[in-house]
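Let me begin by presenting the structure, written as structure tokens, before commenting on it.
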Amino acid sequence: MTMNQPRLRKLRYQITPEDYAALRACLSARAEERETRSVHTMFFTSYRDHVPAGSMGEILAPEREEARFSLHYYDNDPTYLILERRQDGQRTSAMVAEAECRALLAGETDWLLDRRNPLLQDFHESLTERMLLPQVLLTYHREVYSADGLDLWVALDTDIRASLQHMDFLDPQQLERDTTGQDGKIMLEISYSDRIPDDVMYLLEETAPRRRLVSSLDSGKP
């Protein structure tokens, strides 16, 4: 199964624990909480993603945005994972079984072609031609809120911790040990197509002196 979703307007900030508490109280009072879950994510990057500006960067610069791939599983259960591709404002995803992910981590990629799924075939092409490799892993707790009558999606991500031990990706207990001692970051992510409710906007303005706008590169998240 492959799904396509358009990208809305998106803002992403690193916030303080105090602002997290205020935003959570506001969202809990006015929005319906859609889901609360733990998330494990692995991102794939190419050396070309880190080429500095200059002649070589100009030679390697693509004519269109390169696809970005990541694997996700939820609530410490890697039985089924979601492979996600983001490109040109579109997000596409497909399901991957744990055994297939283990094969991928072991360097086996033929199964991506055997599945005859266009997304998996594109991922295979990116692995071989762009030389994508698994890089940073993130673990965090996500609370998602949506507002009635508005095309608004808000995520509060807490205890964000990172690891480079990609072979531990499917072992949430080992990942917990790998990241012991890290001070987990807190992130606020908002997607909307029309407007942000006034009370939420007011809180965002209140957090402005303390929050930090981050890019995907800063946060490790797509």
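The values are calculated or read from the model by the stated rules, or taken from the named source; none is laboratory data. Everything quoted here is computed from the prediction, not taken from an experiment. Cβ coordinates were reconstructed from backbone atoms using ideal geometry, including for glycine residues, and neighbour counts include every protein chain displayed. All accessible areas refer to the heavy atoms of the entire protein, side chains included, with ligands and DNA or RNA removed. Shrake-Rupley method; radii C 1.70, N 1.55, O 1.52, S 1.80 Å.
From the set of residues in the range 86-136 that are assigned to a strand (DSSP E or B) and modelled with pLDDT of 95 or more, which is farthest from the chain's Cα centre (by Cα)? Here the answer is Ala97. Taking the range 179-215 as the range and being assigned to a loop (DSSP other than H, G, I, E, B), open to solvent by less than 50 Å² (accessible area, probe 1.4 Å) and closer than 17 Å to Ile160 by Cβ as the test, the residues that pass are Thr179, Gly184, Val214. With respect to (1) of a type outside the set (Asp, Glu); (2) open to solvent by 60 Å² or more (accessible area, probe 1.4 Å); (3) free of Cβ contacts under 8 Å to residues at least 40 places away in the same chain, the lone exception for Thr109 is condition (2). Only a single criterion out of (1) over 25 Å from Gly89 (Cα atoms); (2) among the basic types (Lys, Arg); (3) at pLDDT below 90 is not satisfied by Arg161, namely (3). Residues that are at pLDDT below 95, open to solvent by less than 80 Å² (accessible area, probe 1.4 Å) and either among the acidic types (Asp, Glu) or closer than 25 Å to Gln174 by Cα (or both) within the range 50-75 comprise Glu65, Glu66, listed in sequence order. For first residues located in the range 1-25 and part of a loop (DSSP other than H, G, I, E, B) and surrounded by 13 or more Cβ atoms within 10 Å (Cβ to Cβ), partners that are among the hydrophobic types (A, V, I, L, M, F, W, C) and modelled with pLDDT of 85 or more and lie 6+ apart or on another chain with Cβ distances below 8 Å form the pairs Ile15/Leu23; Ile15/Ile186; Ile15/Met187; Ile15/Leu188; Thr16/Ile186.
Taken over the range 163-178, the criterion of being touching an Asp or Glu at 6+ places or on another chain (Cβ under 9 Å) and outside any loop (DSSP other than H, G, I, E, B) is satisfied by Ser163, Asp168, Pro172, Gln174, Leu175, Arg177, Asp178.
Pairing residues of the range 121-148 that are more than 19 Å from Ala103 (Cα to Cα) and open to solvent by 40 Å² or more (accessible area, probe 1.4 Å) with residues that are at pLDDT below 95 and among the basic types (Lys, Arg), at Cβ distances under 8 Å and at least 6 apart in sequence or on separate chains, gives His141/Arg37. The residue that is surrounded by the fewest Cβ atoms within 10 Å (Cβ to Cβ), counting only those in the range 149-178 that are of a type in the set (Gly, Ala, Ser) and over 16 Å from Phe43 (Cα atoms), is Gly149.
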